[in-house]
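The values are calculated or read from the model by the stated rules, or taken from the named source; none is laboratory data. Not measured: the values here are computed from a predicted model. Virtual Cβ from ideal backbone geometry, glycine too; neighbours counted across all protein chains shown. Heavy atoms of the whole protein, side chains included, go into the accessibility calculation; ligands, DNA and RNA do not. Shrake-Rupley method; radii C 1.70, N 1.55, O 1.52, S 1.80 Å.
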Amino acid sequence: MFSEEHLYSIALRRTNLIGDINFQKLVEAVGSAKEVWEISKSGLRDISGIGSKISKEIGNSEHLKFAENELKFCEKNNIQICLRHKNQLPKLLNECEDAPAVLYKKGIFDENKRKISIVGTRNITTYGKLFIEELTEALKTQNCITISGLALGADAEVHHFSIKNKIDTTGVLAHGFHTFYPTKNKKLSTEILELGGCLFTEFNSSQKPDRENFIQRNRLIAGLSPATIVVESAFGGGSMSTATFANNYNRDVFALPGKISDKYSQGCNQLIFQNKAQIISTIDLLLENLRFSEPKEKTADLFPKSEIRKLMTETQEIIYNVIAQNPKITLDDLAQKLEQPSFKISNIILELELLGLLKTFSGKQFSTI
C-alpha cells in the first residue's frame, strides 16, 4: 500500500528542525526523501540553509523506526498518506508555500467540486447559527465542499448543516488520527466519513491536540479553499488567524458583520474595517462574489456605468484602464506599473469605488466592474 518514499518522508519530516519548507527544499535539491536520507552529511551541508545541526539529525534510526510503525498504523486504519513533493496534496493547498510535506487523509475529497471554508467562534450565537443554516441551505445545489475545523461551536454547525443538506464536508484536525478532540464531535466525524466526506491532518499518530497545533491547523483550512468565510469571532479568536492565512495566500475572505456591542462580532467587524475581509450583506450577493451563481437580473441603472465613465478625469481613466487590464491587481503592483507612490493612487481608487466602477477584494486587490 505504501512505498519506500512514504517511509522516508515520514522519517525525514520527524527529524528535528525539518519543517515543511526545509523538507521541500531538501527533496527539490536532492530528488527524493529517500535520497536525502541516504546522502552524505557533507552533501547536505552544501544545500543553502541546511546547517550541521540539521544534517546531523538526518539518518537517525529512531526516526526510521517511528516511520515504520506509522505506516502500519495508517494501513490498519485506512489512512492515506499524501506527499507534497509527489503532487499528492489537494491542488489549492499545494499552491501554498508552507503546505505540509506529509498530509494524512481519510475519506474522499473531490477536486472537481467547489470549495468554501467556513469558520467561527466556539461560542456561536443564534445569529451565527442561523446564518450557517441559511448559507448551507443555499449551497446545497452548488456542487461544493464545505471545509471547517471540527471544533465546537461554528465548526460543528458547518459540518452538521452540510450533512443535513447533503453537502460534502471536510474536517481538518489539530492532532493525529489516533485520538479525537473534542470528544463530543467524535460521532460527527464518523458521520462525515460515512456520508462521503473527508478528514485531513498533518499531524502523525504521536501528536496530541496541543494548543499551538490549532493555529497550524488553521492554515490548512485557509489553504484548501479559494475563499474563507468568518461567521463570528472575538478580537483574538482563532478564526482571525484563519483569515490572516487566507489573506496571505491571496484568497478571498468574507466576514459576517454584527453589532459593535456583540463580543463575537467584533473580530468580523475589525476584518471588514481593516479591508481584510469583504462584508456579507446578503447570502445572494455572497454567492455572486464567490462566483457560485450568476448575478440576478436587475432593472436598468439610473446612472449607467458607460455614462459615468465618460465623466472620469484623465488620471481616473488611466488608473481604471490599468486595473481593467490586470484584474485583481494589488495596490503595490498598480503603483509600480504607474510609477507613482501608492498613497497618491489610493485616493483615486476611492473615487472610482464611490463611482461604482471598482470592486475591492481582500489583500488590497482591485478589479473593474
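For a 27 Å ceiling on Cα separation, which of these pairs sit above it: 105/140; 276/344; 25/53; 113/263? Write out the running numbers ahead of the final one.
Details: 105/140 24 Å; 276/344 21 Å; 25/53 16 Å; 113/263 35 Å.
Going by Cα-Cα distance, 113/263 fall outside the 27 Å limit.
Can you show me the helix-derived [θ] at 222 nm for the chain, built from DSSP H runs with n ≥ 4 at -39,500 (n - 2.57) apiece and divided by the number of residues, rounded to the nearest 500. It would help to have the intermediate numbers written out before the result.
Details: 18 runs with 171 residues, N = 369.
Here the helix-only value at 222 nm equals -13500 deg cm²/dmol.
Rounded, prolate or oblate: pick one for the stretch 216-296, where a ≥ b ≥ c are the square roots of the eigenvalues of its C-alpha gyration tensor, a/c under 1.5 means rounded, and failing that, prolate if a/b is larger than b/c, else oblate. Each step should come with its number before you reach the end.
On the way: a/c = 2.19, a/b = 1.12, b/c = 1.95.
Oblate, because a/c is 1.5 or more while a/b does not exceed b/c.
Identify all lysines with a Cα-Cα distance to residue 106 below 19 Å; exclude those on the same chain that are fewer than 8 residues away in sequence.
Hits, sequence-local ones excluded: 72, 76, 86, 91, 115, 166, 186, 187, 208.
Report the local net charge at residue 247: Lys and Arg +1, Asp and Glu -1, summed over other residues whose C-beta lies under 10 Å from its C-beta.
Working: positive: 251, 276, 364; negative: 252.
Once positives and negatives cancel, what remains is +2.
Under 10 Å, Cα contacts only: if you run a Gaussian network model on the chain, which one of 208, 105, 276 comes out with the highest mean-square fluctuation?
It is 208.
When volume of the Cα convex hull per residue in Å³ is calculated directly from the model, which label among (1) 224; (2) 162; (3) 134 fits?
Only one option fits the structure, namely (2).
Over the stretch 109-262, what percent of the accessible surface lies on carbon and sulfur atoms, probe 1.4 Å?
Values: 3120 of 6180 Å².
Within the stretch 109-262, the accessible surface is 50 percent carbon and sulfur.
Explain nothing, just the number: dipole magnitude of the stretch 149-199 about its Cα centre with +1 on each Lys and Arg Cβ and -1 on each Asp and Glu Cβ, in debye rounded to the nearest 20.
Values: 5 positive and 5 negative charges, 26 e Å.
Charge dipole of the stretch 149-199: 120 debye, to the nearest 20.
With a 1.4 Å probe and all protein chains left in place, how much accessible area per residue does the chain have, in Å²?
Working: 18420 Å² over 369 residues.
Per residue, the chain has an accessible area of 50 Å².
Which of 272, 147, 118 moves most in a GNM of the chain, Cα contacts under 10 Å?
272
Using the Cα centre of the stretch 77-206 as the reference point, and only Cβ charges (+1 on K/R, -1 on D/E), how large is the resulting charge dipole? Debye, rounded to the nearest 20. The partial results should precede the final answer.
Values: 16 positive and 14 negative charges, 51 e Å.
About 240 debye.
Out of 51, 19, 107, any idea which swings most in a Gaussian network model of the chain, alpha carbons joined below 10 Å?
51
Compute, for the chain, the length of the dipole vector about the Cα centre, with Cβ point charges of +1 (Lys, Arg) and -1 (Asp, Glu) only. Units Debye, rounded to 20.
On the way: 46 positive and 44 negative charges, 144 e Å.
In debye, rounded to 20, the chain gives about 700.
Report, by chain and number, residues whose modeled amide H sits under 5 Å from the one on residue 147, excluding near sequence neighbours (fewer than 5 apart, same chain).
116, 117, 118, 170
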